[in-house]
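The values are calculated or read from the model by the stated rules, or taken from the named source; none is laboratory data. Owing to the predicted nature of the structure, the values given are computational and were not obtained by experimental measurement. Reconstructed Cβ throughout: ideal geometry from the backbone, glycine too, with neighbour counts over all protein chains shown. Calculation scope for accessible area: heavy atoms of the full protein, side chains included, ligands and nucleic acids excluded. Shrake-Rupley method; radii C 1.70, N 1.55, O 1.52, S 1.80 Å.
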Amino acid sequence: MKKNIKLKLLCLAMATVFMACSDFLDKNPLTQLDSDTFWKNEQDVQAALTATYSTHRTSIFGSVRGANGVAMDIESLSDNAITTSSYVSYGTILQGGVGPSTGGAINQFWSDCYDGIAKCNYFLDNIDDAKSFLTDANYSKYKSEALFNRSYYYNELVQKYGDVPLVLYTSTIDSVGQLKAMPRSPKADVVARMLKDIDAAIAGLPADRYNDGHAVKGSAIMLKVRILMNNQRFAEAADVAWSLIGDAANPYSLYRNYSGLFFKEQRAADNKEIMFSVIYQAPADYHQLDQYVGSRMSCFPTPQLRDAYETNPNTGLKDPRLGMTIFQDGDPWVNNTKTGTFKQDGSVAESTIPFTKMAFKKWIDPTIRTPNASTLSDQNIVKMRYADLLLLYAEAMFESGQGGDARALKALNDVRARPGVNMPPQVALTRDNIRNERRVELAYEGIRYNDIIRWGIAETVIPQIVFAANGAKRKFDGYLWPVPQGQMDIMQGVWQNNAPWN
């Protein structure tokens, strides 16, 4: 039974491996896999490891060819964006009144994360069988990558659902009989396990700069900081962030071109800012991000996001990041064949310009015309970058009572001083200027929703957002999502759903 479970998981895992690790793939057909012959060489190990990354490439976490949206569209659940798309039911969720049967993202985050956890558990259950033919360094690296991925998926789960089953072995996630008797573990227990695992990952991963889709030490440090910040452990988060920021051998730095982080220059030799991403490579491995964002425009900015960008008192001009993030009325726009500006008259885009008269520019190549057709895009979906770490460090220092430390203020001002941005420095840290800096620096990167949840301000800011041309305003259902009804049906008498669905 256990061998059959493992073989089933392995076949599923191998079916979803991705191009970022194409040099790791076993080229034999899946039908040749056998539980008695697998785990016999390093290529087998690398193939199973690649599968642990596959969840990062689902439509909910990355970008998938043929899907009607991208990972960053979760921003529409925050006060930064609105969506008119049916993509994973974000349009339904933002209007309020969701429940366990809503489906869409509420189901998919749960199922995608546990699918990824299953693949990580399969790998971790079997890696010791390969120890005899792996170098100590590779054994440690491979195991640490799987621990990083499992912690990443659990962090997503607890932020959205609170208490969740803590599944650490292959058989317990696949066997319905055992799962029925498995309670939801308290969030604190899951967090404790994540921190244990991520510490092991930090110790076992190379201190190299990130570059090939595989997590490195910096990726794991960033994830640990996020976990600690999500749980208001600010002093610890500050110490962990500084362990990298203050390291003389720190391989990361802010990149010289803000726009280049999101298209065209992601692979530049001097781009040392990206710490973890989902990597694509056309023409074999691509998505349609330029079409979805630049032509369909179904996820678009709110006036509140636009207004968050400051005016530089030295120049009288708006923060340059506004123009690199958002299309506004009259901006140059290649999808207008009449005036070349962001206006409906003359537009050949797939959809009409949103009622806010704004669209997202970040992530897309503004020189590509994208009318009514799929475009082969291969921008990497950036999940972690150094600017985020610097801003989390500034926040952690402030919230732990160390906001007067010059290192914390410098971290925030370094982000503002990036070449091409050059916003004047803040003279002191405040909660407001830290939060606003995160908002404008990280807009439409899929981070804002988690920020307003962990800050406890979602109930205040969300109802202010108009989501339709008729003036209808959004509703906020709560800080936790309901556990999907399908899971609750299996766990009758074992689980109680989150309030108010309990």
Legend entry - Residue check, Ile117 assigned to a loop (DSSP other than H, G, I, E, B), crowded, with 20+ Cβ neighbours inside 10 Å, free of Cβ contacts under 8 Å to residues at least 60 places away in the same chain and out of contact with any strand residue (DSSP E or B) (no Cβ under 8 Å at 6 or more places or on another chain): no
Legend entry - Residues located in the stretch 207-227, provided they are β-branched (Val, Ile, Thr) and more than 19 Å from Ile447 (Cα to Cα): Val216
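Listed here are the residues, each with its yes/no results for (1) surrounded by fewer than 17 Cβ atoms within 10 Å (Cβ to Cβ); (2) not hydrophobic (A, V, I, L, M, F, W, C).
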site: Ala443; (1), (2): no, no
site: Tyr449; (1), (2): no, yes
site: Ile452; (1), (2): no, no
site: Val466; (1), (2): yes, no
site: Gly471; (1), (2): yes, yes
site: Arg474; (1), (2): no, yes
Inset, instruction - State all residues of the stretch 157-172 that are open to solvent by 10 Å² or more (accessible area, probe 1.4 Å) and outside any helix (DSSP H, G or I); if no residue qualifies, say none. - result: Asp163, Leu166, Leu168, Tyr169
Inset, instruction - Please find, among Ile202, Ile227, the residue that is under 26 Å from Arg267 (Cα atoms), part of a helix (DSSP H, G or I) and at pLDDT 95 or above. - result: Ile202
Inset, instruction - Would you mind stating whether Asn436 is within 18 Å of Ala308 (Cβ to Cβ) and either surrounded by fewer than 18 Cβ atoms within 10 Å (Cβ to Cβ) or in contact (Cβ under 8 Å) with a residue 24 or more places away in the chain (or both)? - result: yes
Legend entry - Number of positions in the stretch 21-53 that are within 30 Å of Val293 (Cα to Cα) and modelled with pLDDT under 95: 2
Inset, instruction - Return a yes/no flag: does the stretch 359-367 have any residue that is β-branched (Val, Ile, Thr), at pLDDT below 95 and either more than 25 Å from the chain's Cα centre (by Cα) or part of a helix (DSSP H, G or I) (or both). - result: yes
Inset, instruction - Name the single residue, out of those in the stretch 375-431 being surrounded by fewer than 23 Cβ atoms within 10 Å (Cβ to Cβ) and modelled with pLDDT under 95, that is nearest to Glu445 (Cα to Cα). - result: Asp378
Inset, instruction - Report whether or not Gly330 is open to solvent by 50 Å² or more (accessible area, probe 1.4 Å), in a loop (DSSP other than H, G, I, E, B) and not aliphatic (A, V, I, L, M). - result: no
Legend entry - Hits in the stretch 36-59 (condition: within 23 Å of Asp378 (Cα to Cα), open to solvent by 10 Å² or more (accessible area, probe 1.4 Å) and β-branched (Val, Ile, Thr)): Thr58
Inset, instruction - Being surrounded by 24 or more Cβ atoms within 10 Å (Cβ to Cβ) and touching a residue at least 40 places away in the same chain (Cβ under 8 Å) narrows it down to one of Ser101, Ser76, so name that one. - result: Ser76
Legend entry - Single residue of the stretch 476-502 satisfying the filter (open to solvent by 60 Å² or more (accessible area, probe 1.4 Å) and free of Cβ contacts under 8 Å to residues at least 40 places away in the same chain) that is nearest to Pro165 (Cα to Cα): Gln496
Legend entry - Residue check, Thr356 surrounded by fewer than 18 Cβ atoms within 10 Å (Cβ to Cβ), modelled with pLDDT of 95 or more and either of a type in the set (D, E, K, R) or farther than 29 Å from Asn230 by Cβ (or both): no
Inset, instruction - Go through the residues of the stretch 298-318 one by one and say whether even a single one is buried (at least 16 other Cβ atoms within 10 Å of the Cβ) and farther than 23 Å from Glu441 by Cβ. - result: yes
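The rows are residues; the columns are (1) in contact (Cβ under 8 Å) with a residue 12 or more places away in the chain; (2) of a type in the set (Ser, Thr, Tyr); (3) touching a Phe, Trp or Tyr at 6+ places or on another chain (Cβ under 9 Å).
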{"residue": "Leu254", "(1), (2), (3)": "yes, no, yes"}
{"residue": "Tyr258", "(1), (2), (3)": "yes, yes, no"}
{"residue": "Phe262", "(1), (2), (3)": "yes, no, yes"}
{"residue": "Asn271", "(1), (2), (3)": "yes, no, yes"}
{"residue": "Phe276", "(1), (2), (3)": "yes, no, yes"}
{"residue": "Gln281", "(1), (2), (3)": "yes, no, no"}
{"residue": "Ala284", "(1), (2), (3)": "yes, no, no"}
{"residue": "Leu289", "(1), (2), (3)": "yes, no, yes"}
Inset, instruction - Examine the stretch 102-124 for a residue that is over 19 Å from Thr58 (Cα atoms) and among the β-branched types (Val, Ile, Thr), and state whether such a residue exists. - result: yes
Legend entry - Subset of the stretch 269-296 (residues that are among the polar types (S, T, N, Q) and assigned to a strand (DSSP E or B)): Ser277, Gln281
Inset, instruction - Could you check, for the stretch 231-253, whether at least one of its residues is closer than 30 Å to Tyr286 by Cα, crowded, with 18+ Cβ neighbours inside 10 Å and not aliphatic (A, V, I, L, M)? - result: yes
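Checking the conditions here, which among Tyr154, Tyr142 is assigned to a helix (DSSP H, G or I), touching a strand residue (DSSP E or B) at 6+ places or on another chain (Cβ under 8 Å) and either surrounded by fewer than 22 Cβ atoms within 10 Å (Cβ to Cβ) or modelled with pLDDT of 95 or more (or both)?
Tyr154
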